[in-house]
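Working notes, beginning with the structure itself.
Taken together, the values in this text are just the output of simple stated rules run on the coordinates, not laboratory data. Keep in mind that this is a model prediction, so the values were computed, not measured. Glycine also receives a Cβ, built like all others from the backbone with ideal geometry; neighbour counts cover every protein chain displayed.
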Amino acid sequence: MSNLFEKTASLNTPIECFVFDSAAEEFPVKPHWHYFAEFIYMQSGTAAMTADGAAFTAGAGSLTLFPPLCVHSISAGGEKMPVYSVLKFDLGKFPSVSSYSPSPSVIFRYASEKKMPVYFDKTSAEEMGCADIFGDCISEMKDFRYGYDVMLRSQIYRLIYRIIRCWESFGLNIWECPVNADADRSIDNITEYIDRHLSESIKVTDIAAECHLSYSAFAAKFRERYGMSCKEYIERMRIFKAEEYLLFTDLDIDYIGQETGFSDCSHFIKSFRKYRGATPKEFREKKRS
């Protein structure tokens, strides 16, 4: 199965959202899997899809979701080449909004075990409001306006919970899922913990302890899952956070560096230049111009 693993660009863009025109892109999409969830809304045409061995044809207006670790493929399902919208993201970054319920990542894993459907026809997709949700996500990603990240997350939450409600109608009992408590952290949900502590002097040894793993075991598992060290992941996430401060506030560079967890201003500038090819000041001036 390792030869089917696909590294995702989601580590460069935490949420991917785009329109895929199969007539203009490399197609078909060969069997592969990744650690991120992928939702596909079919705009036009039909596509022949597989998900962990199950085959089906996705028609216009339908929704298909590929959970993390699901081996999937997409090819033409008819004469008209398919055009579809894609949402790809880390489910671990979407924790439960309440203390009493399991997190979406836990529910999705449980739904996979219970063989819940991953394909929803046009009628079901319309009831979920897929056209509006995908359209809004693509618009937010394109316009990149103030609050775009909150708007994106709110729309994805909206879709996630409508899918879960649909599964409930098929008999899924989410209360049989384990509640995703802090004490039960694992590689599957540790990114949520990291995101919450980015502004602090967070150490990989502390993160490993949260997962009840030794440093070496955690480091190996994290690199296997995300294709980079945990230290590099933390640095990348801090850059994303700093980028938003630079674009949407007038806070000075020193303050932004402190708020995003960098040890000092020179470290912040060096790291930012490494990933963005410009200093924070140059980046801000260029984007605002």
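Assuming 0.36 nm per residue, please report the length gained on full extension of the stretch Thr123 to Ala54 beyond their Cα-Cα distance.
That pair, Thr123 and Ala54, stretches by 22.7 nm at full extension.
Stretch Ser112-Arg196 to full length: gain in nm at 0.36 nm per residue minus the Cα-Cα span?
Extra length available between Ser112 and Arg196 comes to 27.5 nm.
Taking Cα pairs under 8 Å and at least six residues apart, what relative contact order does the range 2-176 come out at, in percent?
Value for the range 2-176: 23 percent.
Suppose R0 equals 35 Å; then what is the FRET efficiency for Phe240 and Asn173 from their Cβ-Cβ distance, rounded to the nearest 0.05?
Approximately 0.45, to the nearest 0.05.
I need the peptides 55-62, 18-25 ranked by packing, meaning the mean over residues of other C-beta atoms within 10 angstrom, with the highest value on top.
55-62, 18-25
Using a 7 Å offset from the Cα along the Cα-to-Cβ direction at both Gln258 and Ser98, what is the distance between the two label points in nm, to one decimal?
With each label point 7 Å from Cα toward Cβ, the separation is 4.0 nm.
On a C-alpha basis, how far is the centre of the range 34-65 from the centre of the range 185-218 in Å? Whole number, if you could?
33 Å
What's the Kirkwood radius of the chain in Å, using all Cα pairs?
Evaluated over the chain, this radius sits at 20.5 Å.
Given a Förster distance of 25 angstrom, what is the FRET efficiency for Ser139 paired with Ala24, based on the Cβ-Cβ distance and rounded to 0.05? Could the numbers behind the result be given before it?
Details: r = 21 Å, r/R0 = 0.82.
Working from the Cβ atoms, E equals 0.75.
Please state the shape class of the range 52-200: rounded when a/c is under 1.5, otherwise prolate if a/b exceeds b/c and oblate if not, all from the C-alpha gyration tensor.
Judged from the Cα gyration tensor, the range 52-200 comes out oblate (a/c at least 1.5, b/c at or above a/b).
Report the Cα-based extents of the range 182-288 along its three principal axes, largest first, to the nearest Å.
On the principal axes, the range 182-288 reaches 43, 23, 21 Å in Cα extent.
First obtain the Kirkwood hydrodynamic radius of the range 49-122 from its Cα pairs, then insert it into the Stokes-Einstein equation at 4 °C and 1.567 mPa s, and state the resulting D in µm² per second as a whole number.
Taking Rh from Cα pairs, D becomes 92 µm²/s.
What distance in nm separates the two pseudo spin-label positions at Thr205 and Cys265, each 7 Å out from Cα along the beta-carbon direction?
Label-label distance for Thr205 and Cys265, simple model: 3.1 nm.
Using a Förster radius of 35 Å, what is the FRET efficiency between His212 and Arg158 based on their Cβ-Cβ separation? Nearest 0.05, please.
Working: r = 33 Å, r/R0 = 0.95.
Between His212 and Arg158 the formula returns 0.55.
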